Amino acid sequence: MKKLKAIVFDVDGTIADTEKNGHRVAFNLAFEELKLDWYWSVAEYGILLSTTGGRERLLRYIKESHPNFKPTKKSLNDFIIKTHKIKTKFYLQLLKMGNIKLRPGIARLIKEARDKNIILAIATTTTYANVELLLKTNLGSDSINLFAVIGAGDIVQNKKPAPDIYQYVLDKLKLNSDDCIAIEDSYQGLCSATNADIRTIITDNSYTQKQDFSKSILHCNHLGENENPCTIHNNGNNLKKIIDIDLMQSLL
Ligand code: XBP
Ligand code: MG
């Protein structure tokens with residue numbers, strides 16, 4: 001049997017529920033600071049999430065909802081870069097407040113993987129600083145070093161659902177796709193990982209639970225803890241309700 005060598009984690013929606021109370025709120029605070037009367041509701045943000053990447057999402061919103069918007073003194077591109085920097089400042093403040101916690105089973109699986117010498121890596125669309133601080137506030141100051149490779153943000157040309165970020169991580173790890181399992185939360189993330197030929201487990205969330213996860217090897221609501229087991233939505237009848245290394249190994 002093929003041995004599981006590495007787990008590649010997505011970040012937003014997978015490691016933590018960052019979108020509704022993190023990125024969305026930070027964008028709204030940036031709009032406020034710039035005296036724009038724009039506001040992204042929970043529902044509207046859910047629609048915008050199909051565009052991955054904060055700057056890309058903002059550009060789509062302007063094109064769709066404010067097609068005549070012209071920033072004063074700046075090009076649209078410069079305006080988006082500036083707004084996104086302000087958004088990142090607010091997002092990092094929200095992380096520092098410690099309100100954004102890891103999802104169930106994340107810390108447990110990271111620990112088990114480390115104990116069993118399974119390599120850990122990250123493949124995310126978000127900005128590197130966001131990943132670093134999310135890990136630091138939840139897992140301690142050196143926790144970024146638990147991960148052999150962090151593939152984040154603009155390090156690749158095409159964001160998810162393109163496979164680029166997973167291919168980048170595989171290249172850096174010097175591993176084949178069938179040595180790894182990815183953990184994702186969204187259809188775009190699933191496409192990105194499976195387009196790089198990586199088998200993928202989905203832990204869905206309120207924004208993604210109705211998406212098409214038929215290409216996943218397992219679809220559950222979270223990774224599960226002893227005291228908080230998970231519900232498995234596919235292939236699930238005989239599977240235990242905690243996603244651990246043995247279970248992942250059996251899926252390879
Ligand atoms: C999710 C995203 C990100 C975040 C915002 O990334 O699409 O764009 O919403 O991050 P993933 P930035 O699920 O791949 O972690 O504003 O820093 O782009
Ligand atoms: Mg995600």
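The values are calculated or read from the model by the stated rules, or taken from the named source; none is laboratory data. Treat the numbers as computed from the prediction; the structure is a model and nothing was measured. Cβ: placed from backbone, ideal geometry, glycine included. Neighbour counts: every protein chain shown.
Yes or no: region 141-153 includes at least one residue that is surrounded by 15 or more Cβ atoms within 10 Å (Cβ to Cβ), within 15 Å of residue 14 (Cβ to Cβ) and among the polar types (S, T, N, Q).
Looking through region 141-153, none of the residues is surrounded by 15 or more Cβ atoms within 10 Å (Cβ to Cβ), within 15 Å of residue 14 (Cβ to Cβ) and among the polar types (S, T, N, Q).
Which of the numbered conditions does residue 72 fail, given that it passes all the others? Conditions: (1) of a type in the set (Ser, Thr, Tyr); (2) loosely packed, with under 12 Cβ neighbours inside 10 Å; (3) touching a His at 6+ places or on another chain (Cβ under 8 Å).
(3)
Output yes when any residue across region 15-27 is more than 9 Å from ligand 1 (Cβ to nearest atom), among the basic types (Lys, Arg) and in contact (Cβ under 8 Å) with a residue 24 or more places away in the chain, and no when none is.
Scanning region 15-27, I find at least one residue that is more than 9 Å from ligand 1 (Cβ to nearest atom), among the basic types (Lys, Arg) and in contact (Cβ under 8 Å) with a residue 24 or more places away in the chain, so the answer is yes.
Output the residue which, of all residues in region 166-193 that are within 16 Å of ligand 1 (Cβ to nearest atom) and among the β-branched types (Val, Ile, Thr), is surrounded by the fewest Cβ atoms within 10 Å (Cβ to Cβ).
Checking each candidate, the answer is 183.
Condition first: assigned to a helix (DSSP H, G or I) and either in contact (Cβ under 8 Å) with a residue 24 or more places away in the chain or buried (at least 19 other Cβ atoms within 10 Å of the Cβ) (or both). Now tell me which residues in region 100-130 satisfy that. Walk me through how you get there before you give the answer.
Restricting attention to region 100-130, the residues satisfying the condition of being assigned to a helix (DSSP H, G or I) are 106-115, 128-130.
Listed by number, the residues that qualify are 106, 107, 108, 109, 110, 112, 113, 114, 128, 129, 130.
Would you check if residue 162 is within 11 Å of ligand 1 (Cβ to nearest atom), farther than 11 Å from residue 124 by Cβ and in contact with a helix residue (DSSP H, G or I) (Cβ under 7 Å, 6 or more places away or on another chain)?
no
Which residue is nearest to ligand 2 (Cβ to nearest atom), if the candidates are limited to region 185-212 and must be in a loop (DSSP other than H, G, I, E, B), touching a residue at least 60 places away in the same chain (Cβ under 8 Å) and touching a helix residue (DSSP H, G or I) at 6+ places or on another chain (Cβ under 6 Å)?
207
If a residue must be without any contact (Cβ under 8 Å) to a residue 60 or more places away in the chain and either assigned to a helix (DSSP H, G or I) or buried (at least 19 other Cβ atoms within 10 Å of the Cβ) (or both), how many such residues does region 154-165 contain?
Going through region 154-165 one residue at a time, the tally reaches 6.
Just one of 250, 177 is closer than 18 Å to residue 151 by Cβ and of a type outside the set (D, E, K, R); which is it?
Only one candidate qualifies: 177.
Looking at (1) among the hydrophobic types (A, V, I, L, M, F, W, C); (2) within 13 Å of ligand 2 (Cβ to nearest atom); (3) in contact (Cβ under 8 Å) with a residue 60 or more places away in the chain, find the lone condition where residue 252 falls short.
Residue 252 satisfies all of (1) among the hydrophobic types (A, V, I, L, M, F, W, C); (2) within 13 Å of ligand 2 (Cβ to nearest atom); (3) in contact (Cβ under 8 Å) with a residue 60 or more places away in the chain except (2).
Is it the case that region 131-141 has a residue that's within 16 Å of ligand 1 (Cβ to nearest atom), under 17 Å from residue 184 (Cβ atoms) and in a loop (DSSP other than H, G, I, E, B)?
no
Within the set of pairs 6+ apart or on separate chains, which have a first residue in region 213-227 that is within 18 Å of residue 15 (Cα to Cα) and outside the structural domain of residue 241 (by TED's automatic domain parsing), a second that is buried (at least 23 other Cβ atoms within 10 Å of the Cβ) and of a type in the set (Phe, Trp, Tyr), and C-beta atoms under 6 Å apart?
Listed pairs, sorted by first residue: none to list.
Do the conditions hold for residue 241, that is, is it outside any helix (DSSP H, G or I), within 19 Å of the chain's Cα centre (by Cα) and of a type in the set (Lys, Arg)?
On the way: outside any helix (DSSP H, G or I): yes; within 19 Å of the chain's Cα centre (by Cα): no; of a type in the set (Lys, Arg): yes.
Considered against the rule, which asks whether it is outside any helix (DSSP H, G or I), within 19 Å of the chain's Cα centre (by Cα) and of a type in the set (Lys, Arg), residue 241 comes out as no.
What pairs come out if I take residues in region 42-58 that are of a type in the set (A, V, I, L, M, F, W, C) and pair them with residues that are more than 9 Å from ligand 1 (Cβ to nearest atom) whose C-beta lies under 7 Å away, six or more apart or interchain?
That search, which allows pairs on different chains as well, returns 42/20; 48/40; 48/60; 48/61; 49/207; 58/80; 58/83.
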